[in-house]
Amino acid sequence: GRGGGRGGGGGTGGWKPSVGRGADVGGVPAANGFGIGAFVDDAQDVFANHRLREDARQNAALKLMASTDTPERVNHFYSIFPLETTGMALGPGSAILYKGISTLDGEAYALRRYCGYIHAASENIVRCAEAWKKVRHPGIVSLKEVLTTRAFSSSNAVNELVFVYELFPRAEAVQSVFFFDSSKSPNYSANVPMHPIGENTLWTLTIQLLHAIHAAHSAGLALRDALHPSRLLMTGRNRVRINQVGVADSLDANIARIHAEGDSVGVTQATEAFMKLDVVNFGRIVLALALRTVPTISRGGMLVSSMDTALDGLSRSNMYSNDFVQFVNLLVGSRFDITTLELLQHVAPRMAHEYANTWIHADALEKQLFKEMDASRLLRIATLIGFVNEREGGVLDPSWAETGDNYLLKLLRDYIYHQQDQLGRPVLDYGHVLECLHRLDMGTDEQVLLCGQDNNSLMVASYADLKWCLTQAIQELRKRAATAQDTTWSFHSMQ
């Protein structure tokens with residue numbers, strides 16, 4: 001071994017919020033949520049939160065999925081996989097969602113294919129797509145591009161339209177999250193009420209949607225039929241986004257005609273009318289969520305009674321504060337006379353509360369980030385040890401890993417991972433492994449006693465010395481790898 005000092009310096013998915021029947025939806029995390037102590041009985045929870053880790057695993061798994069029943073490529077997308085299934089034939093105008101990975105950046109995207117020939121003006125589609133691509137807001141699922149393809153049709157007969165959006169692999173529609181789906185249970189009864197959604201949760205969803213609608217309106221765009229419970233996505237706990245933006249505008253023949261005629265006044269009037277309708281549709285969604293416990297008023301995310309009856313039911317329910325009831329009345333009782341800016345001014349006190357919650361959430365995510373950074377740092381140092389230990393053959397001396405400083409690394413490996421108790425039983429001490437890897441990565445001066453497997457050799461070395469040995473071994477392997485690559489290149493260049 002070496003003594004002395006160092007001689008040198010390295011849509012889908014299974015996620016479901018707790019908002020179903022019998023669940024607590026008042027905004028308080030459940031016992032198996034993100035609370036302290038929720039996952040402290042296993043060593044794996046020294047690092048990332050279990051739910052975040054599972055989300056990351058599921059997202060990565062979905063990105064790797066591919067299907068033999070889909071085209072190999074759609075434009076510059078590959079690994080096409082259907083995210084929606086349908087038991088019926090897809091007719092003209094129907095849509096189905098796919099996952100695809102772009103060859104441009106390697107990221108996964110959501111591809112919404114409209115089946116069959118679409119009767120729409122290409123100029124209008126391009127204009128609308130370009131306008132929506134400029135809208136960037138955390139409450140709106142971004143439209144990335146619109147393309148046409150013949151890849152899905154048999155014999156390449158039909159040129160179909162595909163809208164490409166950013167992908168949230170485990171997202172679910174508001175309609176399926178907050179409203180019971182009778183198609184999933186034959187025992188469902190529409191007259192059995194659900195538990196009410198907590199007011200804090202309703203305010204959180206409402207303010208997110210209001211901000212998103214205001215962002216679209218500020219860009220001179222209307223959301224139109226994107227404001228529907230089946231098109232609003234829950235992408236996390238109390239995290240909502242508006243999906244399928246730009247479709248209605250792109251396929252609207254009347255809007256295309258007005259633009260083709262150059263009628264700027266007509267375009268402005270039509271857009272303003274759609275914006276006013278957005279506010280009303282927004283109010284209908286909020287009302288349906290608030291009154292989901294009353295099946296005679298709200299069912300499946302839609303109001304099944306008159307607006308006046310719904311408003312009266314909300315005020316009589318005594319489930320929500322006067323502030324919330326007044327806000328809903330502004331949405332649907334204003335008779336198209338209120339803008340999103342005025343609504344934002346009305347909910348300013350609630351926005352301050354949501355703003356504080358956002359920073360609390362950001363702090364929690366930052367803590368998880370630091371844990372993940374620790375995990376990746378320790379994975380790196382453990383991987384480097386694996387590169388050196390037991391390596392033999394090739395351009396290296398057969399005993400390279402068993403002699404000199406490299407032998408110290410083998411003893412270190414045994415010290416970290418192969419501990420035994422007095423009776424010779426294996427010790428699986430996760431904390432010991434973490435502590436050793438931390439000290440090795442930092443190169444501390446603390447000394448450690450290393451023992452050979454035959455118990456005949458004892459060596460004392462500091463973590464600083466061991467880190468130096470590891471660095472030297474990796475540098476030597478890199479030089480050997482570079483030399484081998486250069487030799488291979490020279491051989492092929494002479495062929």
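The values are calculated or read from the model by the stated rules, or taken from the named source; none is laboratory data. This structure is a prediction, so every number in the text was calculated from the model and none was measured. Heads up, the Cβs are rebuilt from the backbone with ideal geometry, glycines too, and the neighbour counts pull from every protein chain shown. Keep in mind that these areas ignore ligands, DNA and RNA; they rest on the heavy atoms of the full protein, side chains included. Shrake-Rupley method; radii C 1.70, N 1.55, O 1.52, S 1.80 Å.
Would region 385-398 turn up any residue that is part of a helix (DSSP H, G or I), open to solvent by less than 60 Å² (accessible area, probe 1.4 Å) and of a type in the set (A, V, I, L, M, F, W, C)?
yes
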_Based on this model, can you work out whether Tyr430 counts as in contact with a helix residue (DSSP H, G or I) (Cβ under 7 Å, 6 or more places away or on another chain), in the same structural domain as Ala473 (by the TED database) and open to solvent by 50 Å² or more (accessible area, probe 1.4 Å)?_
yes
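Within region 327-340, can one find any residue that is among the hydroxyl-bearing types (Ser, Thr, Tyr) and in contact with a Leu (Cβ under 9 Å, 6 or more places away or on another chain)?
Yes, there is a match, as at least one residue in region 327-340 is among the hydroxyl-bearing types (Ser, Thr, Tyr) and in contact with a Leu (Cβ under 9 Å, 6 or more places away or on another chain).
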*Which residues, taken from region 122-145, are farther than 21 Å from Lys63 by Cα and either open to solvent by 40 Å² or more (accessible area, probe 1.4 Å) or in contact with a Lys or Arg (Cβ under 8 Å, 6 or more places away or on another chain) (or both)?*
Ser122, Glu123, Val126, Arg127, Glu130, Lys133, Lys134, Arg136, His137, Pro138, Gly139, Ile140
*Any idea which residue in region 53-87 is modelled with the lowest pLDDT, counting only those that are among the polar types (S, T, N, Q) and within 21 Å of Ala171 (Cα to Cα)?*
Thr86
*Kindly list, by first and then second residue, each pair from a residue in region 125-136 that is hydrophobic (A, V, I, L, M, F, W, C) to a residue that is part of a helix (DSSP H, G or I) and open to solvent by 40 Å² or more (accessible area, probe 1.4 Å), limited to pairs with Cβ atoms under 8 Å and residues at least 6 apart or on different chains.*
Ile125/Leu251
*Which one is surrounded by the fewest Cβ atoms within 10 Å (Cβ to Cβ), of the residues in region 440-462 that are under 39 Å from the mean Cα position of the chain (by Cα) and not polar (S, T, N, Q)?*
Met442
*Could you count how many residues in region 401-432 are in contact with a Lys or Arg (Cβ under 9 Å, 6 or more places away or on another chain) and either farther than 21 Å from Val460 by Cα or of a type in the set (Gly, Ala, Ser) (or both)?*
2
_Among the residues of region 285-292, are any open to solvent by 20 Å² or more (accessible area, probe 1.4 Å) and hydrophobic (A, V, I, L, M, F, W, C)?_
no
_Scan of region 146-165 for residues that are surrounded by fewer than 16 Cβ atoms within 10 Å (Cβ to Cβ) and either modelled with pLDDT of 90 or more or of a type in the set (Lys, Arg) (or both), ordered by number_ = Thr148, Arg150
*Condition test on Pro17, is it more than 19 Å from the chain's Cα centre (by Cα), of a type outside the set (Ser, Thr, Tyr) and at pLDDT below 90?*
no
*Verdict on Asn243 being under 30 Å from Val146 (Cα atoms), modelled with pLDDT of 95 or more, in the same structural domain as Val328 (by the TED database) and polar (S, T, N, Q)*: yes
*Residue check, Leu331 open to solvent by less than 10 Å² (accessible area, probe 1.4 Å) and over 30 Å from Ser122 (Cα atoms)*: yes
